[in-house]
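Just so it is clear, none of the values below were taken in a lab; they were calculated from the coordinates. This structure is a prediction, so every number in the text was calculated from the model and none was measured. Quick reminder, even Gly has a Cβ in these numbers, built from the backbone with ideal geometry, and neighbours come from all protein chains shown.
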Amino acid sequence: MPSLPQNDPNQEQRQAWLNRKRQDYAYSPTPSLPPLPQIEDLPRYEGFSLKYQLRRDEATFKLVLNMIDVIARNAFDSLDKLEEYADYFPVLSDPSSVKTFRYDIEFARQRIAGANPMVIERVEDKLPDKFPVTDAIFQSIVGGDKTLESEAKQGRLYLTDYALLDGLAPGKYENGIKFFAAPIVLYYWQSSGFRDRGTLTPIAIQLNQNPGANSPIFTPLDGMQWLVAKTFAQIADGNHHEMVSHLGHTHLAIDPFPIATARHLGENHPLGILLRPHFEFTLAINELGRQQLLSLGGYGERLLAIALEEVSTLVTKSVETWNFSEFSLPQELKRRKVDDPTLLPDYPYRDDGLLVWDAIRKFAVNYLSLYYSSAADIVNDFELQNWLQELRAADGGRVNGLPEQIENLEQLTQIVTQIIFTAGPQHAAVNYPQWDFMGFIPNMPLAGYAPYPTNKEAIIREADLMKILPPHKQTTTQEQLMYSLSAVRHNRLGYYQKNTFDDPRALQVIEKFQHQLNDVEVQIDSCNSRRREPYKFLKPSLIPNSLNI
Ligand code: MN
């Protein structure tokens with residue numbers, strides 16, 4: 001039965017268990033992404049189970065058949081026409097973006113319901129000076145005599161700014177260097193007159209951070225140049241997605257928590273019992289990720305636009321600047337000023353995410369109150385306080401934004417909610433859309449293979465776009481990676497293996513959580529029936545308990 005350390009009669013046994021764990025989970029003196037913590041050796045029992053491996057093989061079986069077919073067909077052929085990218089799915093069903101990728105509203109929709117709904121921010125009163133879109137440009141797209149200033153004041157202007165890619169060294173491939181931009185994109189929320197209806201549309205794209213003669217502002221009136229500008233915006237978003245939103249802010253941000261939990265929460269600590277299923281195979285997938293994505297010759301180097309050293313630096317920086325309190329879902333939405341549904345009524349990631357967040361928060365408080373009946377119980381839980389200190393420590397987890405001490409149930413609930421949300425739903429929201437949006441390469445290539453236009457006079461044809469898009473080899477590599485990462489769902493949020501919990505009161509709380517998740521599912525289905533396209537990535541039935549792929 002669960003027991004807080006201060007009430008446990010078997011102190012010696014408890015301590016002996018923790019001592020063994022601290023040996024099993026020793027910090028490495030030479031982590032692969034210093035100063036981010038990493039354990040020296042993955043304990044064998046943290047490795048993927050046979051069941052997991054079989055599930056992964058089963059999920060990727062069709063991919064193998066698909067690629068045999070693709071490679072046989074394309075062996076002597078090069079890519080000359082855009083439509084040939086749709087021929088990469090002889091066995092697999094098409095990713096959803098095959099049909100939609102050229103549409104402007106689908107481009108904008110990816111900012112609120114795509115693979116990376118983490119970048120879009122509301123313009124508060126005016127556009128930044130570095131992005132001099134004029135009223136005349138704005139009116140040429142939206143019509144009428146609306147000004148940017150008045151529309152910004154009404155909360156209808158949105159931006160995605162990929163400044164973090166500015167000035168980074170490009171990656172290389174067998175025929176030269178790769179290309180990318182550090183774009184800024186302006187979007188406009190066009191209300192249809194009904195309270196919750198409208199569309200987000202792209203208005204303008206500037207492909208680099210310095211305005212001027214060599215940095216024109218492209219608009220939907222620019223034909224093929226506009227498609228190329230959108231493609232470079234997608235390349236930037238795809239790179240931001242993999243390095244920051246996916247690897248940095250879920251996989252590696254959560255990494256210190258399973259380590260500190262193993263080292264500090266006793267075998268029957270109620271919080272340890274609760275969290276362990278949410279960390280299943282996380283250390284194993286992160287070890288694999290470090291090897292396959294961030295190593296020389298790995299996927300990062302083969303696919304991403306920037307040089308491998310820059311990839312490591314950017315990933316490390318994104319984890320170091322991840323701040324626990326600023327990145328709770330409600331705070332993070334406020335940070336980007338996209339938390340008000342009256343201003344931006346359509347934001348599926350936000351709306352579904354908050355429903356799931358709330359269900360987890362209720363579950364956490366119900367579960368934790370079974371074991372902590374007063375603030376003193378929390379303050380006196382020395383294992384919990386040591387866990388917190390190690391997570392904060394410079395020679396431990398290095399997690400920013402955690403409180404100095406956990407003083408009450410509300411604070412503890414907040415922390416637990418965010419850990420479970422990041423491990424399950426947040427990772428699901430950025431991981432599983434990879435196939436739909438990045439499996440069809442022209443929608444979101446991870447690098448350009450020819451430069452972007454620097455003046456509006458250049459005439460661009462399909463053949464020029466084909467030079468920018470990835471060649472056959474990079475296309476198949478990206479396709480395979482995106483499919484393998486999206487195809488595995490090992491388990492389901494709120495459903496635990498038998499014998500994980502042996503306290504009958506906890507089992508009741510879990511049952512209640514499952515009911516609440518089912519209610520959320522019904523609410524999301526009902527929202528989806530009103531949305532132009534359904535958003536499925538935060539449906540509780542499709543969210544795993546832990547980050548393991
Ligand atoms: Mn993942």
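Sum up the charges of everything whose Cβ sits under 13 Å from the Cβ of E83, counting Lys and Arg as +1 and Asp and Glu as -1, but leave E83 out.
Cβ neighbours under 13 Å give a net charge of -2.
If each of Q292 and R44 carries a label point 7 Å out from its Cα toward its Cβ, how far apart are those two points in nm?
2.3 nm
Order the peptides 536-546, 130-140 from the highest to the lowest mean number of other Cβ atoms within 10 Å of their residues.
Put in order of decreasing packing, that is 536-546, 130-140.
Sequence-distant or interchain residues sharing an amide H contact under 5 Å with N400, placed H: which?
So N400 has HN proximity to F324.
Would you mind counting up the charge near M243? Only other residues with Cβ under 14 Å from its Cβ, with Lys and Arg at +1 and Asp and Glu at -1.
Charge balance near M243 sits at -4.
Find which of Q497, T261, P5 sits farthest along the positive direction of the dipole of the chain, computed with +1 on the beta-carbon of Lys and Arg, -1 on that of Asp and Glu, about the Cα centre.
Comparing the listed Cα positions along the dipole, Q497 ranks first.
Mind jotting down the three principal axis lengths of the chain based on Cα atoms? Whole angstrom, largest first.
The Cα atoms of the chain stretch 80, 55, 41 Å along their principal axes.
What is the fewest-to-most order of R111, R22 by other Cβ atoms lying within 10 Å of their Cβ?
With the fewest neighbours first, R111, R22 line up as R22, R111.
Using only the Cα atoms of segment 382-481, what semi-axes does the equivalent ellipsoid have when each is the square root of 5 times a gyration tensor eigenvalue? Give whole Å, largest first.
47, 16, 13
With unit charges on the beta carbons (Lys and Arg positive, Asp and Glu negative) and the dipole taken about the Cα centre of the chain, which residue among Q225, M444, Q523 sits farthest to the positive side?
Result: Q523.
Enumerate the amide H contacts of I39 below 5 Å, restricted to partners 5 or more residues apart or on another chain; note that Pro and chain-start residues carry no placed amide H.
S28
Determine the calculated [θ] at 222 nm for the chain from helices alone, applying -39500 (n - 2.57) to every DSSP H run no shorter than 4 residues and normalising by the residue count; nearest 500 deg cm²/dmol.
My calculation for the chain gives -14000 deg cm²/dmol from helical runs alone.
Once the other residues with Cβ under 14 Å from the Cβ of E174 are scored (Lys, Arg +1; Asp, Glu -1), what is the net sum?
+3
Going from the alpha-carbon gyration tensor of segment 176-288, what semi-axes, largest first and in whole Å, does one get by taking the root of 5 times each eigenvalue?
43, 21, 10
In whole Å, how far is the Cα centre of segment 114-189 from that of segment 441-469?
Here the answer is 19 Å between Cα centres.
Could you give the size of the charge dipole of the chain about its Cα centre, using +1 on the Cβ of each K and R and -1 on the Cβ of each D and E, expressed in debye and rounded to the nearest 20?
It works out to roughly 620 debye.
What are the ³J(HN,Hα) values, in whole Hz, obtained from phi via the Karplus relation 6.51 cos²θ - 1.76 cosθ + 1.60 with θ = phi - 60°, for each residue of segment 481-496 in sequence order, with x given for Gly and Pro?
Once θ is set to phi - 60°, the couplings for segment 481-496 become 5, 5, 5, 4, 6, 8, 8, 9, 10, 6, 7, 9, 3, x, 10, 10 Hz.
Normalised by the residues of the chain, what does the relative contact order come to in percent, with Cα pairs under 8 Å and at least six apart?
22 percent
Amide H to amide H under 5 Å from A182: which residues, 5+ apart in sequence or cross-chain, H placed 1.01 Å off N in plane?
When sequence neighbours closer than 5 places are left aside, the close amide H contacts are Q209.
With angles folded into 0 to 90 degrees, how steeply does helix 50-74 sit against the dominant principal axis of the chain? Use alpha carbons for both and round to 10.
20 degrees
What's the FRET efficiency of Y103 with N400 using the Cβ-Cβ distance as r and R₀ = 30 Å, to the nearest 0.05?
My answer for the efficiency is 0.15.
With axes computed from alpha carbons, what is the tilt in degrees of helix 308-320 against the longest principal axis of the chain, rounded to the nearest 10 within 0 to 90?
On a 0 to 90 degree scale, this one is about 50.
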